[in-house]
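Asker: Quick one: the structure is below, questions incoming.
The values are calculated or read from the model by the stated rules, or taken from the named source; none is laboratory data. Just so it is clear, the model here is predicted, and its values are computed rather than measured. Ideal geometry is used to build each Cβ from the backbone, glycine not excepted, and the neighbour counts take in all protein chains shown. What goes into the accessible areas is simple: the full protein's heavy atoms, side chains included, and nothing from ligands, DNA or RNA. Shrake-Rupley method; radii C 1.70, N 1.55, O 1.52, S 1.80 Å.
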Amino acid sequence: MPGKVRAFCPGHISGYFKPVLTGDPATTGSLGAGVVIDRGVTVTVIKAHSPGVRILRKDADGKIIESREGSTPVESLMERMGVDSRIVTECHLPIGAGFGLSAAALMASALALNVLHDLGLSRKECAGLAHETEVLHRTGLGDVAACQEGGRDCRTGAGIEGAVLRAFDGDMHLSAVTFSALPSPTILGSPESLERITLAFPGKCPETPEEFFLLSRQFAEASGLITPPVRRALSLCDTYGIPASMTMLGNGIFAMGELAGKILSGLGEAFSLEVAGEGVRVLEVVP
């Protein structure tokens, strides 16, 4: 069996969603549309006598700018899989900012743990464990399903078994900026927030990137989730005619087009993103 496994899972920006709560983590999830992005989470997993998780965020040059020990969801995933390992997760995007990094960390970890410990689980079984763990910890509802593959996604069924329609828009260049973390459990655990979100859901799949941004913006406005800094950023994009909406769920915005990066860079650290061409995958298996 290998001594170390590395895996990568792309992140995901949700434009709009509708929670589907069934009481069963396997079938609980969300409907909605989003974009699987080329940046995400890389995990390195090695065997250990006791489990441990280290989370690293690095800048564009690979320098560590944030480090923390422990991750309750990932530790819970290991317990569900019945294994002990040391896991290091690495990302280049802000954590808790609507980029689907919790789902990416769980999915990449599940895939890597399965290979490292030769558990014999299928890819779908790994995805199911990651999805259920995310639902139980209220860190997300549909990101795990979305990040199985790349493209612009529309989830028409809830849970890991739900249908996902995908479109690959080669010229869909995105930029994003975040202002602070917006913890998903705060919103996903609020009945009032979930009711507003459900009522705001447009109930259709977008046919084009432009329609995706239009529906996402309408959802953001109707959901009541827009924060003051997000409002200012959206108003600025409106001034320049830039398609933009709020990252769900994150205190930031994402926008489309070459001009978007220039405009958003004046509001904070702007991240240049492309649509991912593929989903979660194992990168390296070391004996």
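Asker: Being more than 21 Å from the chain's Cα centre (by Cα), part of a loop (DSSP other than H, G, I, E, B) and closer than 22 Å to GLY100 by Cα is the filter here, so list the residues in segment 225-247 that pass it.
Answerer: Of everything in segment 225-247, nothing turns out to be more than 21 Å from the chain's Cα centre (by Cα), part of a loop (DSSP other than H, G, I, E, B) and closer than 22 Å to GLY100 by Cα.
Asker: Filter segment 74-100 down to the residues that are within 30 Å of ALA255 (Cα to Cα) and open to solvent by 20 Å² or more (accessible area, probe 1.4 Å) and list them by number.
Answerer: Result: GLU90, HIS92, ILE95, GLY96.
Asker: Follow-up. Mind telling me which of the residues SER193, SER180 ends up being touching a residue at least 60 places away in the same chain (Cβ under 8 Å) and of a type in the set (Ser, Thr, Tyr)?
Answerer: SER180
Asker: Let me ask something additional. Can you list residue pairs whose Cβ atoms sit under 7 Å apart, with the first residue in segment 123-144 being farther than 21 Å from LYS18 by Cβ and the second being polar (S, T, N, Q)? Count only pairs 6 or more apart in sequence or on different chains.
Answerer: Close Cβ pairs (under 7 Å, with a partner that is polar (S, T, N, Q)) amount to CYS126/ASN114; THR133/SER76.
Asker: Oh, and also: Listed residues SER190, SER175; which is buried (at least 20 other Cβ atoms within 10 Å of the Cβ), of a type in the set (Ser, Thr, Tyr) and either modelled with pLDDT under 95 or touching a helix residue (DSSP H, G or I) at 6+ places or on another chain (Cβ under 9 Å) (or both)?
Answerer: SER175
Asker: Out of the residues in segment 104-143 that are over 27 Å from GLY3 (Cβ atoms) and either in contact with a Phe, Trp or Tyr (Cβ under 9 Å, 6 or more places away or on another chain) or open to solvent by less than 40 Å² (accessible area, probe 1.4 Å) (or both), which is modelled with the highest pLDDT?
Answerer: Only one residue tops the list, namely HIS131.
Asker: Within the set of pairs 6 or more residues apart or between chains, which connect a residue that is aliphatic (A, V, I, L, M) inside segment 55-71 to a residue that is not in a strand (DSSP E or B) with Cβ atoms less than 9 Å apart?
Answerer: Close Cβ pairs satisfying both conditions: ILE55/GLY70; ILE55/SER71; ILE55/VAL74; ILE55/ILE95; ILE55/ALA105; ALA60/HIS92; ILE65/ASP59.
Asker: Looking at segment 1-28, which of the residues that are among the charged types (D, E, K, R) and touching a residue at least 12 places away in the same chain (Cβ under 8 Å) is farthest from THR44 (Cα to Cα)?
Answerer: Only one residue tops the list, namely LYS18.
Asker: Taking the condition of being open to solvent by 10 Å² or more (accessible area, probe 1.4 Å) and in contact with a strand residue (DSSP E or B) (Cβ under 7 Å, 6 or more places away or on another chain), how many residues in segment 158-167 meet it?
Answerer: Of the residues in segment 158-167, 6 are open to solvent by 10 Å² or more (accessible area, probe 1.4 Å) and in contact with a strand residue (DSSP E or B) (Cβ under 7 Å, 6 or more places away or on another chain).
Asker: So for segment 52-72 (the condition being β-branched (Val, Ile, Thr), under 15 Å from VAL282 (Cβ atoms), assigned to a strand (DSSP E or B) and touching a helix residue (DSSP H, G or I) at 6+ places or on another chain (Cβ under 6 Å)), does at least one residue qualify?
Answerer: no
Asker: Quick check on my filter: what residues within segment 231-260 are aliphatic (A, V, I, L, M), in contact with a helix residue (DSSP H, G or I) (Cβ under 8 Å, 6 or more places away or on another chain) and modelled with pLDDT of 95 or more? Don't jump to the end; show me each part of the working.
Answerer: First, pick out the residues of segment 231-260 that are aliphatic (A, V, I, L, M): 233-234, 236, 242, 244, 246, 248-249, 253, 255-256, 259-260.
Okay, now just the ones that are also in contact with a helix residue (DSSP H, G or I) (Cβ under 8 Å, 6 or more places away or on another chain), so 233-234, 236, 242, 244, 246, 248-249, 253, 255-256, 260.
ALA233, LEU234, LEU236, ILE242, ALA244, MET246, ILE253, ALA255, MET256, ALA260, listed by residue number.
Asker: Surrounded by fewer than 23 Cβ atoms within 10 Å (Cβ to Cβ), under 22 Å from PHE271 (Cα atoms), at pLDDT below 95 and not aliphatic (A, V, I, L, M): does that describe ASP61?
Answerer: Yes: the conditions hold for ASP61.
Asker: Here is a list: LEU77, LEU111. Which entry is over 17 Å from PRO25 (Cα atoms) and part of a helix (DSSP H, G or I)?
Answerer: LEU111
Asker: Here's a follow-up. Tell me the residue from PRO10, PRO19 that is modelled with pLDDT under 95, touching a strand residue (DSSP E or B) at 6+ places or on another chain (Cβ under 7 Å) and over 17 Å from GLY252 (Cβ atoms), please.
Answerer: Details: PRO10 fails: modelled with pLDDT under 95.
Only one candidate qualifies: PRO19.
Asker: Could I ask something else about it? What about VAL41, is it under 10 Å from the mean Cα position of the chain (by Cα), under 29 Å from VAL83 (Cα atoms) and among the hydrophobic types (A, V, I, L, M, F, W, C)? So that I can check it myself, show each step before the final result.
Answerer: Working: under 10 Å from the mean Cα position of the chain (by Cα): yes; under 29 Å from VAL83 (Cα atoms): yes; among the hydrophobic types (A, V, I, L, M, F, W, C): yes.
In short, yes.
Asker: Those residues that are part of a strand (DSSP E or B), among the charged types (D, E, K, R) and closer than 23 Å to VAL74 by Cβ, I need them from segment 1-43; list them, please.
Answerer: LYS4, ARG6, ASP38, ARG39 - these are the residues of segment 1-43 that are part of a strand (DSSP E or B), among the charged types (D, E, K, R) and closer than 23 Å to VAL74 by Cβ.
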